[in-house]
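Computed from the coordinates by the stated procedures, all read-outs in this text should not be read as laboratory data. Just so it is clear, the model here is predicted, and its values are computed rather than measured. Neighbour counts run over all protein chains shown; Cβ positions are idealised from the backbone, glycine included.
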Amino acid sequence: MIQAMDWQEKATGDFGDILYRRQRPTLGPCASGVMISNTETCLDRVHLFTCCFIMALSLTKFPRFSSLLFNVNNLRALSTSMLNNSKVTFNWDDPLNLDGQLEEDEKAVRDTFKDYCNKRLMPRIIEANRKELFDREIYKEMGELGALGCTIKGYGCAGVSYVTYGLITRELDGVDSAYRSAMSVQSSLAMGAIYMYGTEEQKEKFLPRMATGELVGCFGLTEPDFGSDAGGLVTRAKYDSKSKCYILSGAKTWITNSPIADVLIVWAKDDENKVRGFIVERSQVKKGLDTPRIDGKFSLRASATGMILLDEVAIPEENLLPNVVGLKGPFGCLNNARYGIAWGALGAAETCLRIARQYTLDRKQFARPLASNQLVQKKMADMITEISIGYQACLRVGRLKDKDLAAPEMISLIKRNNCGKALEIARVARDMLGGNGVSDEYHIIRHVMNLEAVNTYEGTHDIHALILGRAITGIPAFA
């Protein structure tokens with residue numbers, strides 16, 4: 001609680017001067033009846049304006065105190081003095097000083113990738129989105145920067161921290177979620193599956209070439225009839241002892257990279273009805289494999305999305321991922337990807353905020369900038385609040401992941417929260433641009449459409465709520 005100062009002793013002083021004097025307080029209620037304790041804590045500059053208004057509210061009930069201690073000019077002088085004397089400047093572009101919490105190598109990688117995104121990806125995105133094009137050369141460019149499989153140790157990979165990985169996804173999503181999806185699928189899902197569950201021979205064979213972007217991977221889990229209910233998948237892998245091959249039959253859908261992938265990670269049920277992972281090498285398949293594109297998407301248009309159709313495709317037994325059985329295999333990969341999505345979604349939201357801010361500063365209506373209106377400023381205040389809090393959560397989970405201390409539910413929490421908030425922010429930013437907000441030249445509408453999908457894939461908003469609900473109550477609300 002807050003302690004009142006000895007008003008009789010301080011009554012002749014300036015209001016701002018009273019606040020800054022560190023004299024021993026007397027215990028007791030202030031004029032409003034609010035107990036005030038620990039004056040020095042209360043009078044910390046961070047809480048200064050709160051204290052001012054609490055005291056002002058109290059003092060206005062007592063004219064003799066009010067006349068002596070408070071008037072608008074004193075408050076104005078106080079606020080001016082505080083701004084002039086403060087050693088800390090608030091940066092709206094980094095409200096909670098995320099940059100100051102990063103290691104130097106993390107900032108260096110981020111800055112390098114930011115430069116790449118601005119110079120190489122941003123000039124491509126409008127045309128790529130309009131024409132539903134993905135340039136495969138982007139993988140080689142990312143490979144040269146060490147972004148592919150960047151958290152993997154060895155095998156030609158960079159071996160950076162999970163925080164660094166998050167910073168990369170942030171920059172990619174700031175351009176377009178399709179580019180972050182492409183990197184995420186290659187790194188966390190395809191390469192991640194081989195790294196976590198493969199043999200040493202499999203790692204040596206595939207990971208170095210995938211790290212350079214020479215080989216492109218995809219991850220086949222979702223099926224036409226089974227999305228959130230991944231355990232119901234019907235793709236089968238029957239073992240043929242004569243040929244020492246697994247025979248795969250089934251269909252996967254909404255698979256990023258499937259039309260262009262060289263290495264397809266496919267999850268199927270074996271003869272014992274257990275979920276197993278398989279490496280399908282396109283170059284080694286003689287018949288039965290088809291990967292048609294899914295066209296007409298209104299989201300993630302700059303990524304190659306398709307199906308995986310398997311009609312008795314023979315896979316040599318050495319292409320089985322031997323070190324995992326059951327859904328914990330694909331879910332282990334998905335958790336890493338979801339972590340990156342939590343960072344990336346905020347990167348898209350950040351771009352929307354910056355565009356909306358500049359637009360409302362430049363755009364004048366009724367002889368004043370749109371940004372001068374209270375409603376517009378309130379919207380932007382809400383935006384930076386959600387973005388900055390979301391980044392702090394990502395940073396915390398990233399540090400825990402680097403120590404192998406992050407529970408899957410933590411990732412569900414940040415994926416669900418940040419994707420939902422990012423979508424809300426993008427929609428509000430779109431509205432702030434009025435009619436221009438629906439033009440792709442202003443970029444925001446593209447982020448809105450992308451975030452609709454990002455909010456759904458790799459665990460829907462509601463499924464992650466049920467994961468958290470199970471952790472809270474101990475009762476699963478789904479089978």
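Which of the three applies to segment 328-402, rounded, prolate or oblate, going by the alpha-carbon gyration tensor with a ≥ b ≥ c and a/c under 1.5 meaning rounded?
Prolate, since a/c reaches 1.5 and a/b exceeds b/c.
Could you give me the ³J(HN,Hα) list for segment 290-306, computed from phi with Karplus coefficients 6.51, -1.76, 1.60 and θ = phi - 60°, whole Hz, x at Gly and Pro?
Karplus-based 3J(HN,Hα) across segment 290-306 equals 9, 9, x, 6, 9, 9, x, 6, 9, 9, 6, 5, 8, 10, 8, 10, x Hz.
Just tell me which aspartates and glutamates come within less than 20 Å, Cα to Cα, of Lys403; anything on the same chain fewer than 8 places away is out.
Glu103, Glu104, Asp105, Glu106
Expressed as cubic angstrom per residue, what is the convex hull volume of the alpha carbon set of segment 108-202?
Roughly 93 Å³ of hull volume per residue.
Treating only the Cβ of Lys, Arg, Asp and Glu as charged (+1, +1, -1, -1), what charge dipole size does segment 245-323 show about its Cα centre? Round to the nearest 20 debye.
Its charge dipole is roughly 400 debye.
For Ala406, which sequence-distant residues (separation of 5 or more, or a different chain) have an amide H within less than 5 Å of its own amide H, given hydrogens modelled in the peptide plane?
When sequence neighbours closer than 5 places are left aside, the close amide H contacts are Lys401.
Debye sum, Cα scatterers, segment 217-321, no solvent: what log₁₀ I/I(0) at q = 0.15, 0.24 1/Å?
-0.57, -1.34
Return the sequence-ordered ³J(HN,Hα) values of segment 188-204 in whole Hz as given by the Karplus equation 6.51 cos²θ - 1.76 cosθ + 1.60 applied to θ = phi - 60°, using x for Gly and Pro.
Per-residue couplings from phi come out as 7, 8, 6, 5, x, 5, 5, 5, 7, 10, x, 7, 4, 5, 5, 4, 5 Hz.
Evaluate the charge dipole of segment 333-473 about its Cα centre and quote only its size in Debye, nearest 20, assuming +1 on the Cβ of each Lys and Arg and -1 on the Cβ of each Asp and Glu.
The dipole magnitude comes to about 340 debye.
Order of Cys218, Cys157 from fewest to most other C-beta atoms within 10 Å?
By the 10 Å Cβ count, ascending: Cys157, Cys218.
Please turn the phi angles of segment 272-284 into ³J(HN,Hα) values with the Karplus equation 6.51 cos²θ - 1.76 cosθ + 1.60 (θ = phi - 60°), one per residue in order, whole Hz, x for glycine and proline.
9, 6, 9, 6, 10, x, 9, 9, 9, 8, 4, 5, 9
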